[in-house]
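Here the structure comes first, spelled out in structure tokens, and everything after it is commentary.
Here, each number is a calculation from the coordinates, and none is a lab measurement. Predicted model only: the values in this text are computed from it and were never measured. Note that each Cβ is placed from the backbone with ideal geometry, even for glycine, and that neighbours are counted across all protein chains shown.
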Amino acid sequence: MLKFSIPGYFSKYKYIFHFLDYYFNNPQFFYKDRTIDSLYDSPPNLIWNGGRMPNCDGIENNQSMGMILNELGKYPTVKLRHTFTNCLITQELTYDYMCNNFVKTCIRPQDSVILNSQALIDYFNKTYPNIPIIYSTTLGITDINTVNELTKNNIYVMNYNYNYDDTYINQLKYPENTEVLGGEPCVPNCPHRQAHYLQMSKCILNIGDPNGIYNCFYNTDTYDEFIEREIASLTNERIEQLAKKGIQYFKISGRGNNTPAWIDIILYYLALPQYKDQVFKELIYRFW
């Protein structure tokens, strides 16, 4: 079974549980050998948060996590991954009260954290050794030996630039712990990717521009061009090839997408091709 992590448990809260309800109640429209293993996102208003978007705006208060956890009770097989990938976290910031309180009160035994800061990795290994760590793609690792070291005991979200590089992928010692990123909106070897992450990290820490606006250099595509570029980062045909190499984890990018694009890319990977357009229309109708 191929395991997919889908974006936006918080930023798309208003829609994601409608989607989960539809997904689990209409299995005839979806791939039988693919499943939603987890949801990922940044929790509300925590300085450890990271990614290419500021603090999420799905709901406006911290009580929302209780609502999310309550809703998740309907889907016991779906885990949460908390995206703590602020690239400016120092050892001092690991002791933040709100972040630690969130970990103690909201992270369930089946959940995990996505990390990229060495300070936070060390802190979790020492303070919360029972919480699984997933190494973020934002580490930007290119060295295969480092990847093989990371994936001995942890999942690592592989640098998307290697999605089609069989020479690289064939050197993976632990493909079962390697996760491949699909739906990536960045162009190959995007020269502005790290600057985008850095600006968002500064925004979350209230450094620099308080609005957190990052004007992506490639954000001028039409809707169809944007979706085509996301699909090109990992096609369904490539997923089948990677599955034969032992890779079973796939992460769908897109928590910052507008809602139609968010649904569209998820359905590309999960819905059977002959039903994708039908399901898309039904879900859009429900959401609006």
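Placing unit charges on each Cβ (+1 for Lys and Arg, -1 for Asp and Glu) gives segment 144-241 a dipole about its Cα centre, and among Leu205, Leu172, Ile231 the Cα reaching farthest toward its positive end belongs to Leu205. Among the listed pairs Lys14/Lys276; Lys32/Lys104; Lys74/Lys202; Lys79/Lys126; Lys3/Lys104; Lys12/Lys152, those whose Cα-Cα separation exceeds 31 Å are Lys32/Lys104; Lys74/Lys202; Lys12/Lys152. Place a label point 7 angstrom from the Cα of Asn148 along the Cα-to-Cβ direction, then list the residues of segment 233-274 whose backbone nitrogen is under 17 Å away. Answer for segment 233-274: 246-247. Two numbers describe the Cα atoms of segment 2-287: Rg and Dmax, which are 18.0, 52 Å. A crude spin-label estimate for the pair Asn25 and Asn258, with each label 7 Å from Cα along the Cβ direction, gives 2.8 nm. Were the residues from Asn170 through Thr77 laid out at 0.36 nm apart, the gain over their Cα-Cα distance would be 30.4 nm. How charged is the neighbourhood of Gly73? Take every other residue with its Cβ under 15 Å from the Cβ of Gly73, and add Lys/Arg as +1 and Asp/Glu as -1. After counting each charged neighbour, the total is 0.
Of the residues Glu230, Glu149, Glu176, the one that moves most in a GNM of the chain with alpha-carbon contacts below 10 Å is Glu149. Can you give the FRET efficiency for Gln118 and Met98, using 1/(1 + (r/R0)^6), R0 = 22 Å, r = Cβ-Cβ distance, to the nearest 0.05? Working from the Cβ atoms, E equals 0.55.
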